[in-house]
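Colleague: Take a look at the following structure, please.
The values are calculated or read from the model by the stated rules, or taken from the named source; none is laboratory data. This structure is a prediction, so every number in the text was calculated from the model and none was measured. Positions of Cβ are backbone-derived with ideal geometry, glycine not excepted, and every protein chain shown enters the neighbour counts.
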Amino acid sequence: MISEIDRYAGISSPIHRWDPRFRIVSIFAMIFSVILIYNLQLVVIGMIFAVILVYISKIPFSFVLSRMKLVFIFVLPFFVIIPITFTNTGLEMANFGGITLNYRGIEYVEFAAMIAIKALTAVMLIFPMIGTSRMDITIKALEGLHLPNKLVQMFAFTYRYIFVLDDEFMRMDRALASRGFKKRGDLYTLKTISKAIAMLFVKSYERADRVFYAMRSKGYAGTIATLHEFDSGRDDWVKTAVVAGFALLLQVAATSDTFGTYGGLW
Amino acid sequence: MTATAKGVAIRVHDLNYRYPDGTVALEHVSFEIMGGESVALVGPNGAGKSTLLLHLNGILHSIGSRGSIEILGEPIDPKKIHEMPKKIGIVFQDPDDMLFMPLLGDDVAFGPINLGIEREEVKRRVATSLERVGLAGYETRVSHHLSGGEKKRAAIATVLSMEPDIIAMDEPTANLDPKSRAELIDILKTLKSEGKTLLIITHDVNAIPELADRVIILHRTVVADGTAREVFSDTETLVAAGLEVPMIMQFFEVLKAFEYPCDVLPLSIESAVRNLTETAENGGGHIHLHIHEHTHSEVDSAFSRYHHHKRYHRHQIG
Amino acid sequence: MTATAKGVAIRVHDLNYRYPDGTVALEHVSFEIMGGESVALVGPNGAGKSTLLLHLNGILHSIGSRGSIEILGEPIDPKKIHEMPKKIGIVFQDPDDMLFMPLLGDDVAFGPINLGIEREEVKRRVATSLERVGLAGYETRVSHHLSGGEKKRAAIATVLSMEPDIIAMDEPTANLDPKSRAELIDILKTLKSEGKTLLIITHDVNAIPELADRVIILHRTVVADGTAREVFSDTETLVAAGLEVPMIMQFFEVLKAFEYPCDVLPLSIESAVRNLTETAENGGGHIHLHIHEHTHSEVDSAFSRYHHHKRYHRHQIG
Amino acid sequence: MVHISDGVLDPLLWEAGWAVTAIILVYALSKMKIEDVPRLSVITAAVFVVSLVHIQMGPTSVHFILNGFAGVMLGILAYPCIFVALVLQCFLFGFGGVTTIGINTVNMGIPALVAYLIFKSGTGPDISSETRKKASLSGAIAGGIAVVLALLFLAAELLTTGEVFLETTVLVVITHIPIIAVEAIFTGVIVGFIATVAPEMFRQ
Ligand SMILES: Nc1ncnc2c1ncn2[C@@H]1O[C@H](COP(=O)(O)OP(=O)(O)OP(=O)(O)O)[C@@H](O)[C@H]1O
Ligand SMILES: Nc1ncnc2c1ncn2[C@@H]1O[C@H](COP(=O)(O)OP(=O)(O)OP(=O)(O)O)[C@@H](O)[C@H]1O
Ligand SMILES: [Mg+2]
Ligand SMILES: [Mg+2]
């Protein structure tokens, strides 16, 4: 089952009450700002800001952390691999029959740490950005931000049918198991699963036709409108000013003298 | 609502349709449905019932069909397909195909918004449509968390909100537990009593007498068309089309073999009660049944006429 | 085949299951099914019937459940789930979930191949399984292009080919036209007569008396368990679980209000014929019905006990 | 496929990724009819769901990528599908990154378009159950090459960013070699299946 990022959309917090259009743009800017910085101190400041935003949004940290596991898995190798090298630059650490393992030095460790912190910060910021309103509202906000209509509709339908197809896929998986099928790492397994997935596609394709017919039967002529309306007030502008302002401030700081751009590696 | 429901609601004349892959789904289909009528469309699996439905609001119209369709007196204009839902609303068989928006409220509002109805009125319609199917207050529910019966009713609400004069439904009672089925039948009966024209596809012959004034059997073409009684009396056509007569009717055929005096077999349990009452009153409060030498062979022949699994019954009764 | 069908086929003891999202689907479920029995499992939508089925061959076993399940005397070994189909075969509700190979023959062969059965034997089984469901010679047909009724039967063939002692089916008659439904019921009756243990989930109360010796009502937990007669006599429990009694039984309740002498209400049309015959023979070939002052109130109260849409009936009859 | 996370690449690269993706998206959306939306969305949803399937292959577990398949089925319209799938993957699971959505779409989407060209030139216009074998083979080649190309793109990007990523790149490429074969077999089987069961899906 696909777990939903908007599980905590129902609670109330200043972030939840922030107009999603403003919220998405501001936090998006914040993510870009952090990624663009190459200074460890500033990146850490960015991360602290992200933690504060998550705290204000009242989304439990346990939930955020559980969703960040995947990022840890992706980021971990950088800690191990980047500081250590087989090429003969740096400090020799060990020698296996001619191949020497070298330690690249503290700069590299810092660099690896920076990459990891940036990646984690970006993912953490997704929670206050997307996790504080229901996914459908988020998608409507994208429309409000004047993304192309066709693209927004694709987001909406894809999101809806992910759940339908996930269910369908789970049922098929159970049907396979109930006829003695066991997943092994062999060609038979691969072929069987491929066929089952092919069937899923064929069925999806037919479903798409039926959905389209159903839409036409309800007068669909190319645009999807809903009753939802966004209204923004002074509070929304204030919150936007704070977050987007902070993003800007980070950039200004990065170009100033106190935090000279992190150099040496590029 | 009832004002427009006079005159011919649906006129289909010599409709033919073949799918792009060559399957002939409809051939020379012709019938008329008057405003305010409620009609059951029955036929075996693959008879073309769902295909016919998609023609009635013009969705499959222009692509590969011959023949003419008029809805409320006007032929379908291929350029104005998106205005058809004002006249005729279609409820598909699988509610998952109809609930494509994230929230139920949006699904129910989808039709009226497309018809250009103004916001406040749309909101009112969403609320009343949901209420009529027993889902009041479900506006912000997520469709994929609803139960099977709730989804079926929600799909009907998405069509009611467009307030069409004609409503066509594809197997509304399939997959429902008896309670949900009974509730759904009640909703359909209310619609009928309000003067809506109803076209209901169903395999549920026992529900037909309650719901429909008229029955059309489709088997690629129209093979029978008449009142429920007329159609159910023509057992040969019925059985040839893979159908059955309602259980109560079968049972009264048995009672007849026991000399129950009855010309007009009742189709539903309610009319059976009425029939028994009348028969008793005609007989001075009494009904007399008796078994005679032909009783069993009569029962046997009734069953073999009505049933698809003949051998079993012969065996059981003989 | 029948040899192993003695002893306890399925023993479920205090089974509890909650889905990962927290939905409690099963609570303290306990029952036993003997070899060769055929049992109908009924309950409203969302009662947990399908969830229970998935436990019986171990698919949902280890994930979030407490309690024990024994199949043919042995507890389910989570490491040997893939061997379970030798003992118990499950037919899912939607045949599309079970037919995922391009050709029907491959679908039917899929189970036996997984069980490690040798080629020639697999071929033989494919042929006989298809024949038993009336699809002889369909090996090279594209499953996806079969009709609804054919798909249902094909899904059963894919399970028969594994030759399990126990067969469990999820709503085998749903979405079928009456002819296909009758054919399917015949297939189930044949399986029953061959001594297979059957567990059939169904909303089709009128089919139960023909198919099942015993009825279990599941509504998150087992709320009733007994012969069809016992369970259908406890109308209160039945109606509380969103179910109904078979139509013939309802009608005999009406006949009783007309003084038809009958202690044991028949459940199916066949037993109704037998009942009438016996009653007539006990009465010297005659049956006498009459209407009296309480007839209508008795009919009325029977209906309000049995039905979910009470108001309507009161109105009709009063 | 490993999607590149935030913070790894040189900003120039991911900015260029956004630019390329924006241009192709604008073009593809102009080619797309509004009627195509439900069909593309359902297929995107299917791609999304299927790409979550993991199969244990020896010590590692591989999962389907399906960019070649999307290309074969959808042509240029595969690009918006991949974009939507990646955005949702990022938002729903935190896979990949936010700033790198553009470049990740390039990595998957351009090979998808190449796969489409390979498939088209391999099969010719008419696909049916008779030409199933040929379609299957072209599909397998297209599916395999789509992964190879995606890997090459990824490797090139990591390497131009800095020599510190040499080992990471080697590791990523090595772990994905079995996926090339898996994806080729997968695309071949699935194309053959569709040619038998629903050849009309190729003629949209
Ligand atoms: N998209 C399609 N392409 C080709 N043939 C089709 C398509 N849809 C339906 N058919 C075929 O057209 C015929 C009529 O199908 P239709 O769905 O209208 O039957 P139905 O009466 O609704 O059956 P059921 O009771 O099973 O729902 C069948 O033979 C079916 O296989
Ligand atoms: N994958 C799932 N995750 C969470 N809850 C589920 C899941 N599948 C089913 N449920 C819930 O578990 C309960 C039991 O579902 P189940 O499908 O077993 O009911 P059922 O008796 O088979 O109903 P029906 O007659 O409609 O088929 C329901 O409340 C259902 O919503
Ligand atoms: Mg149909
Ligand atoms: Mg179920």
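Colleague: Looking at A:R179, A:R171, which is the one that is in a loop (DSSP other than H, G, I, E, B) and either at negative phi or at the interface with chain D (Cβ under 7 Å from one of its Cβ atoms) (or both)? Reasoning before the result, please.
Modeller: Values: A:R171 fails: in a loop (DSSP other than H, G, I, E, B).
The unique qualifying residue is A:R179.
Colleague: Which numbered condition trips up B:M84, out of (1) part of a helix (DSSP H, G or I); (2) crowded, with 23+ Cβ neighbours inside 10 Å; (3) touching a strand residue (DSSP E or B) at 6+ places or on another chain (Cβ under 6 Å)?
Modeller: (3)
Colleague: Tell me which of these D:L66 doesn't satisfy, since it passes every other one: (1) free of Cβ contacts under 8 Å to residues at least 12 places away in the same chain; (2) of a type outside the set (D, E); (3) more than 27 Å from A:I35 (Cα to Cα); (4) crowded, with 24+ Cβ neighbours inside 10 Å.
Modeller: D:L66 satisfies every listed condition except (1).
Colleague: Moving to a separate point now. So, in the stretch A:7-25, how many residues would count as being surrounded by fewer than 17 Cβ atoms within 10 Å (Cβ to Cβ) and under 17 Å from the mean Cα position of the chain (by Cα)?
Modeller: Filtering the stretch A:7-25 for residues surrounded by fewer than 17 Cβ atoms within 10 Å (Cβ to Cβ) gives A:7, A:10-14, A:17.
From what is left, the residues that are under 17 Å from the mean Cα position of the chain (by Cα) are A:7.
Of the residues in the stretch A:7-25, 1 are surrounded by fewer than 17 Cβ atoms within 10 Å (Cβ to Cβ) and under 17 Å from the mean Cα position of the chain (by Cα).
Colleague: Do you know which residues across the stretch C:104-160 are surrounded by 19 or more Cβ atoms within 10 Å (Cβ to Cβ), within 16 Å of ligand 1 (Cβ to nearest atom) and either more than 14 Å from every other protein chain (Cβ to nearest Cβ) or in contact (Cβ under 8 Å) with a residue 40 or more places away in the chain (or both)?
Modeller: Once the filter is applied, which keeps residues that are surrounded by 19 or more Cβ atoms within 10 Å (Cβ to Cβ), within 16 Å of ligand 1 (Cβ to nearest atom) and either more than 14 Å from every other protein chain (Cβ to nearest Cβ) or in contact (Cβ under 8 Å) with a residue 40 or more places away in the chain (or both), the stretch C:104-160 yields C:L104, C:Y138, C:S143, C:H144, C:L146, C:K151, C:K152, C:A154, C:A155.
Colleague: Is it the case that some residue within the stretch B:34-57 is in a strand (DSSP E or B) and surrounded by fewer than 19 Cβ atoms within 10 Å (Cβ to Cβ)? If you could, list the steps in order and put the result at the bottom.
Modeller: Just the residues of the stretch B:34-57 that are in a strand (DSSP E or B), to begin with: B:34, B:38-42.
So of that shortlist, the ones also surrounded by fewer than 19 Cβ atoms within 10 Å (Cβ to Cβ) come out as B:34.
Taking every residue of the stretch B:34-57 in turn, at least one turns out to be in a strand (DSSP E or B) and surrounded by fewer than 19 Cβ atoms within 10 Å (Cβ to Cβ).
Colleague: Exactly one condition in (1) farther than 11 Å from A:L125 by Cα; (2) surrounded by 20 or more Cβ atoms within 10 Å (Cβ to Cβ); (3) of a type outside the set (S, T, Y) is not met by A:M30; state its number.
Modeller: (1)
Colleague: Can you say whether B:T202 is surrounded by 20 or more Cβ atoms within 10 Å (Cβ to Cβ) and modelled with pLDDT of 85 or more, as far as the supplied structure shows?
Modeller: Working: surrounded by 20 or more Cβ atoms within 10 Å (Cβ to Cβ): yes; modelled with pLDDT of 85 or more: yes.
It is true that B:T202 is surrounded by 20 or more Cβ atoms within 10 Å (Cβ to Cβ) and modelled with pLDDT of 85 or more.
Colleague: Ok, one more. Looking for something assigned to a strand (DSSP E or B), of a type in the set (S, T, Y) and either surrounded by 20 or more Cβ atoms within 10 Å (Cβ to Cβ) or within 16 Å of ligand 2 (Cβ to nearest atom) (or both) - is there at least one such residue anywhere in the stretch C:15-25?
Modeller: There is at least one residue in the stretch C:15-25 that is assigned to a strand (DSSP E or B), of a type in the set (S, T, Y) and either surrounded by 20 or more Cβ atoms within 10 Å (Cβ to Cβ) or within 16 Å of ligand 2 (Cβ to nearest atom) (or both).
Colleague: Does at least one position in the stretch B:87-99 carry a residue that is in contact with a Ser or Thr (Cβ under 7 Å, 6 or more places away or on another chain) and either more than 9 Å from every other protein chain (Cβ to nearest Cβ) or more than 30 Å from C:P44 (Cα to Cα) (or both)?
Modeller: no
Colleague: Here's something else I'd like to know. Looking only at the stretch B:260-270, decide whether some residue is outside any loop (DSSP other than H, G, I, E, B) and either over 24 Å from C:G285 (Cβ atoms) or at pLDDT below 80 (or both). Let's see the steps before the verdict.
Modeller: Keep residues of the stretch B:260-270 that are outside any loop (DSSP other than H, G, I, E, B), which gives B:269-270.
Within this subset, residues satisfying the condition of being either over 24 Å from C:G285 (Cβ atoms) or at pLDDT below 80 (or both) are B:269-270.
Yes, there is a match, as at least one residue in the stretch B:260-270 is outside any loop (DSSP other than H, G, I, E, B) and either over 24 Å from C:G285 (Cβ atoms) or at pLDDT below 80 (or both).
Colleague: Going by what's in this entry, would B:V245 be described as more than 16 Å from ligand 1 (Cβ to nearest atom), of a type in the set (A, V, I, L, M) and under 20 Å from C:L176 (Cβ atoms)?
Modeller: Working: more than 16 Å from ligand 1 (Cβ to nearest atom): yes; of a type in the set (A, V, I, L, M): yes; under 20 Å from C:L176 (Cβ atoms): yes.
So B:V245 passes the test.
Colleague: Does C:E163 satisfy the condition of being at positive phi and facing another protein chain (nearest Cβ under 10 Å)? Before you say what the answer is, go through the steps one by one.
Modeller: Numbers: at positive phi: yes; facing another protein chain (nearest Cβ under 10 Å): no.
So C:E163 does not fit the description; no.
Colleague: Assess whether A:R160 counts as being farther than 22 Å from C:I90 by Cα, buried (at least 19 other Cβ atoms within 10 Å of the Cβ) and charged (D, E, K, R).
Modeller: Values: farther than 22 Å from C:I90 by Cα: yes; buried (at least 19 other Cβ atoms within 10 Å of the Cβ): yes; charged (D, E, K, R): yes.
So A:R160 fits the description; yes.
Colleague: Kindly state which strands (runs of 3 or more DSSP E) lie completely within the stretch B:146-235 and contain at least 2 residues that are within 16 Å of ligand 2 (Cβ to nearest atom) and closer than 25 Å to B:F110 by Cα. Full working, then the answer.
Modeller: Details: elements: B:166-170, B:197-201, B:214-219, B:221-227.
Qualifying strands (runs of 3 or more DSSP E): none found.
Colleague: Please determine whether any residue of the stretch D:135-147 is over 17 Å from the mean Cα position of the chain (by Cα), within 20 Å of D:A78 (Cα to Cα) and either of a type outside the set (K, R) or part of a helix (DSSP H, G or I) (or both). Spell out how you get there, then give the answer.
Modeller: Taking the stretch D:135-147 and keeping what is over 17 Å from the mean Cα position of the chain (by Cα), we get D:135-137.
Imposing the further condition that a residue be within 20 Å of D:A78 (Cα to Cα) reduces the set to D:135-136.
Applying the additional criterion that residues be either of a type outside the set (K, R) or part of a helix (DSSP H, G or I) (or both) yields D:135-136.
Yes, some residue in the stretch D:135-147 is over 17 Å from the mean Cα position of the chain (by Cα), within 20 Å of D:A78 (Cα to Cα) and either of a type outside the set (K, R) or part of a helix (DSSP H, G or I) (or both).
Colleague: So, in the stretch C:205-235, of the ones that are charged (D, E, K, R) and touching a helix residue (DSSP H, G or I) at 6+ places or on another chain (Cβ under 8 Å), which residue ends up nearest to B:T173 (Cα to Cα)?
Modeller: Let us first name the residues in the stretch C:205-235 that are charged (D, E, K, R), namely C:210, C:213-214, C:220, C:225, C:229-230, C:234.
Those left that are additionally touching a helix residue (DSSP H, G or I) at 6+ places or on another chain (Cβ under 8 Å): C:210, C:213-214, C:225.
Values: C:E210: 22, C:D213: 27, C:R214: 26, C:D225: 27 Å.
The residue in question is C:E210.
Colleague: Just for the stretch C:212-238: of the residues that are farther than 19 Å from C:G48 by Cβ and in contact with a Pro (Cβ under 9 Å, 6 or more places away or on another chain), which one is nearest to the other protein chains (Cβ to nearest Cβ)?
Modeller: Checked the stretch C:212-238; the qualifying residue nearest to the other protein chains (Cβ to nearest Cβ) is C:F232.
Colleague: Can you report the number of residues in the stretch D:1-24 which are crowded, with 21+ Cβ neighbours inside 10 Å and within 14 Å of D:V84 (Cα to Cα)?
Modeller: Counting residues in the stretch D:1-24 that are crowded, with 21+ Cβ neighbours inside 10 Å and within 14 Å of D:V84 (Cα to Cα) gives 1.
Colleague: Scan the stretch B:4-54 for residues that are in contact with a strand residue (DSSP E or B) (Cβ under 7 Å, 6 or more places away or on another chain), within 13 Å of ligand 3 (Cβ to nearest atom) and within 18 Å of B:I88 (Cα to Cα) and jot them down.
Modeller: Passing the criteria: B:L41, B:K49, B:S50, B:T51, B:L52, B:L53.
Colleague: If we scan the stretch A:237-254, do we find a residue that is over 30 Å from D:H54 (Cβ atoms), over 28 Å from the mean Cα position of the chain (by Cα) and surrounded by 13 or more Cβ atoms within 10 Å (Cβ to Cβ)? Steps first, answer last, please.
Modeller: Step one: filter the stretch A:237-254 for residues over 30 Å from D:H54 (Cβ atoms), giving A:237-254.
From what is left, the residues that are over 28 Å from the mean Cα position of the chain (by Cα) are none.
Looking for residues that are over 30 Å from D:H54 (Cβ atoms), over 28 Å from the mean Cα position of the chain (by Cα) and surrounded by 13 or more Cβ atoms within 10 Å (Cβ to Cβ), one finds none in the stretch A:237-254, hence no.
Colleague: Select from the stretch B:142-172 the residues that are away from ligand 4 (no atom under 16 Å from the Cβ) and among the polar types (S, T, N, Q) and write down the one among them that is modelled with the lowest pLDDT.
Modeller: Looking at the filtered set, the residue picked out is B:S143.
Colleague: If A:K203 meets every condition in (1) charged (D, E, K, R); (2) out of contact with any Asp or Glu (no Cβ under 6 Å at 6 or more places or on another chain); (3) within 10 Å of chain B (Cβ to nearest Cβ) apart from one, which number is that one?
Modeller: Result: A:K203 fails condition (3) only.
Colleague: Something else: Within the group C:L60, C:L41, C:L54, which residue is within 16 Å of ligand 4 (Cβ to nearest atom) and free of Cβ contacts under 8 Å to residues at least 40 places away in the same chain?
Modeller: Values: C:L60 fails: free of Cβ contacts under 8 Å to residues at least 40 places away in the same chain; C:L41 fails: free of Cβ contacts under 8 Å to residues at least 40 places away in the same chain.
Just a single option satisfies the conditions, and that option is C:L54.
Colleague: Would you check if C:V142 is of a type in the set (A, V, I, L, M, F, W, C) and in contact with a strand residue (DSSP E or B) (Cβ under 8 Å, 6 or more places away or on another chain)? Spell out how you get there, then give the answer.
Modeller: Working: of a type in the set (A, V, I, L, M, F, W, C): yes; in contact with a strand residue (DSSP E or B) (Cβ under 8 Å, 6 or more places away or on another chain): yes.
Taking the combined requirement at face value, the residue satisfies it.
Colleague: Output the residues belonging to the stretch D:33-56 that are surrounded by fewer than 21 Cβ atoms within 10 Å (Cβ to Cβ) and either over 16 Å from the mean Cα position of the chain (by Cα) or assigned to a helix (DSSP H, G or I) (or both). Let's see the steps before the verdict.
Modeller: So in the stretch D:33-56, the residues surrounded by fewer than 21 Cβ atoms within 10 Å (Cβ to Cβ) come out as D:33-36, D:51-56.
Those that are surrounded by fewer than 21 Cβ atoms within 10 Å (Cβ to Cβ) and either over 16 Å from the mean Cα position of the chain (by Cα) or assigned to a helix (DSSP H, G or I) (or both): D:K33, D:I34, D:E35, D:D36, D:H54, D:I55, D:Q56.
Colleague: Name every residue in the stretch B:89-118 that is over 23 Å from the mean Cα position of the chain (by Cα) and assigned to a loop (DSSP other than H, G, I, E, B), in order of residue number.
Modeller: If we filter the stretch B:89-118 for residues that are over 23 Å from the mean Cα position of the chain (by Cα), which is where we start, we get B:100-107, B:109-110, B:112-118.
Hits for the stretch B:89-118 are B:F100, B:M101, B:P102, B:L115, B:G116, B:I117, B:E118.
Colleague: List the pairs whose first member sits in the stretch C:259-275 and is free of Cβ contacts under 8 Å to residues at least 12 places away in the same chain, whose second member is in a loop (DSSP other than H, G, I, E, B), and whose Cβ atoms are under 9 Å apart, counting only residues at least 6 apart or on separate chains?
Modeller: C:V273/C:P266; C:R274/C:P266
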